[in-house]
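To start, the structure itself, in structure tokens.
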Amino acid sequence: MKIFGNLTLKRGCVARCLLSLLLLASATVAAAHLSIAPAQEDAYSRGREILRKAVEAAGGVETFRNIKNFTIVTQNEIKGRQTTMLLKVTETILAPDKTRQVMELEQGTRVQVLNGRDSWKQINRDVSPLSSLEKKEMQRGLFRDAIILFSRFDSTDLEIKHFADETLGGVKYYVLQVKNQTGDFFKLYIDALTNLIYKKTYQGAAEAGLATLEEVYSDYKKVEGIQIPYHTIVRANGRQFIEAVVLEVRINTDLGGEFFYRK
């Protein structure tokens, strides 16, 4: 499968979706049956309250605020319609706007970097700017990242709304809608009992014609004081597309001054 010519990495903390491969997913997602959230004027304060409980359950406010950078290494199985591909991804994030993704495949290695307003990619030895779509998707990925969200859960730049309550498989979940100032948004399903994130849903890039994406998290383990889901399933339009397993987590390492710059 040729992928290096048109490749974009989409991020959700442990599953880094390849944008071009997401076009392979085409199954229809069934409509969810939701119970309406409380009165509109209470939905936002309730949303903040639920999100704070999620932060506390995952490690605590101060723990997340003390995270300056983190690296997560995952082994990903990407399922196409006729083929399956293994992909190792190492992503390093420096809040609030820097991320470096290294993708290792049999065909070679690809690096994608978002360094504030600057962005670039390296495919084997060739270095070039990211396309506008690739750059935008990396920015959206940072916005959706749970560790970044938990470190700034009380930011006035974010609109947190208690969207609904939903019961799946006998388990009650609080559904929150998180929206930023540019209009991007996603939904979090938070377990009402444990207050840990069960799944995240969002719309793929409209420019690529993508529909609903869903990341389902499990196998939480505590790493340096925070809860990390070690297993993630990614579905595109209801069809399983990626299965990711965390291999390694590093927090607050010495990255050096040129880590996000072009070599």
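The values are calculated or read from the model by the stated rules, or taken from the named source; none is laboratory data. All values derive from a computational prediction rather than experimental measurement. Glycine gets a Cβ as well: all are built from the backbone with ideal geometry, and neighbour counts include every protein chain shown.
What the table shows:
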quantity: Where ILE233 falls short, out of the listed (1) in contact with a helix residue (DSSP H, G or I) (Cβ under 7 Å, 6 or more places away or on another chain); (2) β-branched (Val, Ile, Thr); (3) crowded, with 16+ Cβ neighbours inside 10 Å; calculated: (1)
quantity: In region 119-160, residue nearest to GLU91 (Cα to Cα) [restricted to those that are among the aromatic types (Phe, Trp, Tyr) and not in a strand (DSSP E or B)]; calculated: PHE143
quantity: Boolean, GLU258 is part of a loop (DSSP other than H, G, I, E, B), acidic (Asp, Glu) and within 21 Å of GLN112 (Cβ to Cβ); calculated: yes
quantity: Where ASN195 falls short, out of the listed (1) buried (at least 17 other Cβ atoms within 10 Å of the Cβ); (2) at negative phi; (3) assigned to a loop (DSSP other than H, G, I, E, B); calculated: (2)
quantity: Close pairs from region 99-127: first polar (S, T, N, Q), partner part of a loop (DSSP other than H, G, I, E, B), Cβ under 7 Å, at least 6 apart; calculated: GLN107/PHE4; THR109/ASN124; GLN112/LEU130; ASN115/PHE260; ASN115/TYR261; SER119/PRO129; SER119/LEU130
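Conditions (1) part of a loop (DSSP other than H, G, I, E, B); (2) among the hydrophobic types (A, V, I, L, M, F, W, C); (3) at pLDDT 90 or above, marked per residue:
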site: PRO38; (1), (2), (3): yes, no, no
site: ASP42; (1), (2), (3): no, no, yes
site: SER45; (1), (2), (3): no, no, yes
site: ILE50; (1), (2), (3): no, yes, yes
site: THR74; (1), (2), (3): no, no, yes
site: LEU86; (1), (2), (3): no, yes, yes
site: VAL102; (1), (2), (3): no, yes, yes
site: VAL113; (1), (2), (3): no, yes, yes
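For every residue, the table says whether it meets (1) over 21 Å from LYS53 (Cβ atoms); (2) surrounded by 18 or more Cβ atoms within 10 Å (Cβ to Cβ).
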{"position": "LYS88", "(1), (2)": "yes, no"}
{"position": "GLY108", "(1), (2)": "yes, no"}
{"position": "LEU114", "(1), (2)": "yes, yes"}
{"position": "PRO129", "(1), (2)": "yes, no"}
{"position": "PHE163", "(1), (2)": "no, yes"}
{"position": "THR167", "(1), (2)": "no, no"}
